[in-house]
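*Asks:* Before I ask anything, let me first share the structure, which is written out below as structure tokens.
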Amino acid sequence: MKREGSYLKGIADGIPIGLGYLSVSFGFGIMAISVGLYWWQALIISMTTLTSAGQLAGIGVMTQPGQHLSMLISQLTINIRYSFMSISLSQKTDEKFKGIFRPLLGFFITDEIFAVAVNQKSVTRGYFIGLATMPWIGWSLGTLLGAVVGNILPEIVMNALCIMMYAMFVAVVVPPIKKERPLFAVVLFTALLSAGFYFLPYLRDISSGISISLCAVASAVAAALVFPRREDDQ
């Protein structure tokens, strides 16, 4: 019997997340190899970062030496949401969740881990560490497998498997789009902006990290202005 709030209960709740991360990070491992990283470099990135969108943007910037400011801006833009998630979740932690466990909460927080943890009445340190264990292992192991396989697969197969990460983001966005038309307009606007930074003169000279940040901020501002929501909206 797994006691509520225990490490074993966290492990059990984290298994589905870990299995999902295993398949998605497999694609990241392949992409990392395709841009010239070694398998151990890809593994270290996943073990110390744990952010799918951030890692995807990061390896794109890493292929352009000297883009440190671009890397900083893009990672802040992409990952700032985790700060707000951590602050929100910290309001539900018990009195023993302090000291080194606070930085650990910030390190391990992801969209899926937050979604599961925030639905608990109280988040104990044992439960949270258990909840984060399987996703971290799944993300790291999937990256390792993808990176190793990426060294032996033919190039045509590598190119096909590289779309796995993009497929994950499509799968995340499509269900909400079906329910909310404004979201579809925002996604379309963002895609057009991104295409402009890729194809148009002058804009395509901007680094990938900066262009990602500009697209994200511009889309968020446009959505807030065109589709505002009252505070009493659900």
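The values are calculated or read from the model by the stated rules, or taken from the named source; none is laboratory data. The structure displayed is predicted, hence computed values, not measured ones. Don't worry about glycine lacking a Cβ; one is built from the backbone with ideal geometry, like all the others, and counts go over all protein chains shown. Remember, those area values only see protein heavy atoms, side chains included, never the ligands or the DNA or RNA. Shrake-Rupley method; radii C 1.70, N 1.55, O 1.52, S 1.80 Å.
*Asks:* Condition check: within 28 Å of residue 122 (Cβ to Cβ), part of a helix (DSSP H, G or I), hydrophobic (A, V, I, L, M, F, W, C) and touching a Ser or Thr at 6+ places or on another chain (Cβ under 7 Å). Does residue 15 satisfy that?
*Replies:* no
*Asks:* Taking residue 95, is it among the acidic types (Asp, Glu) and assigned to a helix (DSSP H, G or I)?
*Replies:* no
*Asks:* Scanning for something farther than 20 Å from residue 21 by Cα and touching a Gly at 6+ places or on another chain (Cβ under 9 Å), does segment 151-171 turn up at least one residue?
*Replies:* no
*Asks:* Can you name the residue in segment 110-133 that is within 20 Å of residue 18 (Cβ to Cβ), in a loop (DSSP other than H, G, I, E, B) and without any contact (Cβ under 8 Å) to a residue 60 or more places away in the chain and is also least open to solvent (accessible area, probe 1.4 Å) among such residues?
*Replies:* 118
*Asks:* Additional query: Of all the residues that make up segment 59-84, how many are open to solvent by less than 50 Å² (accessible area, probe 1.4 Å) and over 21 Å from residue 36 (Cα atoms)?
*Replies:* Total satisfying the criteria: 4.
*Asks:* Of everything in segment 12-38 that's more than 20 Å from the chain's Cα centre (by Cα) and over 18 Å from residue 118 (Cβ atoms), which residue is surrounded by the fewest Cβ atoms within 10 Å (Cβ to Cβ)?
*Replies:* Among those that are more than 20 Å from the chain's Cα centre (by Cα) and over 18 Å from residue 118 (Cβ atoms), it is 36.
*Asks:* Right, residue 167: surrounded by fewer than 16 Cβ atoms within 10 Å (Cβ to Cβ), modelled with pLDDT of 90 or more and within 27 Å of residue 34 (Cα to Cα) or not?
*Replies:* Considered against the rule, which asks whether it is surrounded by fewer than 16 Cβ atoms within 10 Å (Cβ to Cβ), modelled with pLDDT of 90 or more and within 27 Å of residue 34 (Cα to Cα), residue 167 comes out as no.
*Asks:* Another one. Kindly indicate the residue of segment 98-109 that is farther than 17 Å from residue 130 by Cβ and not in a helix (DSSP H, G or I) and also most open to solvent (accessible area, probe 1.4 Å) among those meeting that condition.
*Replies:* Out of the qualifying residues, it is 98.
*Asks:* To continue, here is another question. Please pick out the residue among 109, 113 that is touching a Phe, Trp or Tyr at 6+ places or on another chain (Cβ under 6 Å) and among the hydrophobic types (A, V, I, L, M, F, W, C).
*Replies:* 109
*Asks:* Take the residues in segment 193-228 that are in a helix (DSSP H, G or I) and of a type in the set (S, T, N, Q), then tell me which one is farthest from residue 183 (Cα to Cα).
*Replies:* 208
*Asks:* Within segment 186-201, can one find any residue that is over 18 Å from residue 59 (Cα atoms), out of contact with any helix residue (DSSP H, G or I) (no Cβ under 6 Å at 6 or more places or on another chain) and open to solvent by less than 50 Å² (accessible area, probe 1.4 Å)?
*Replies:* Yes.
*Asks:* If I filter segment 204-215 for residues that are touching a residue at least 24 places away in the same chain (Cβ under 8 Å), more than 19 Å from residue 80 (Cα to Cα) and over 25 Å from the mean Cα position of the chain (by Cα), do I get at least one hit?
*Replies:* No.
*Asks:* If only one of 173, 148 is open to solvent by less than 80 Å² (accessible area, probe 1.4 Å) and either of a type in the set (Phe, Trp, Tyr) or more than 18 Å from the chain's Cα centre (by Cα) (or both), which one is it?
*Replies:* Result: 148 is the single residue among 173, 148 that is open to solvent by less than 80 Å² (accessible area, probe 1.4 Å) and either of a type in the set (Phe, Trp, Tyr) or more than 18 Å from the chain's Cα centre (by Cα) (or both).
*Asks:* Scan 171, 220 and give me the residue that is without any contact (Cβ under 8 Å) to a residue 24 or more places away in the chain, within 24 Å of residue 25 (Cβ to Cβ) and among the small types (Gly, Ala, Ser).
*Replies:* Being without any contact (Cβ under 8 Å) to a residue 24 or more places away in the chain, within 24 Å of residue 25 (Cβ to Cβ) and among the small types (Gly, Ala, Ser) holds for just one of 171, 220, which is 171.
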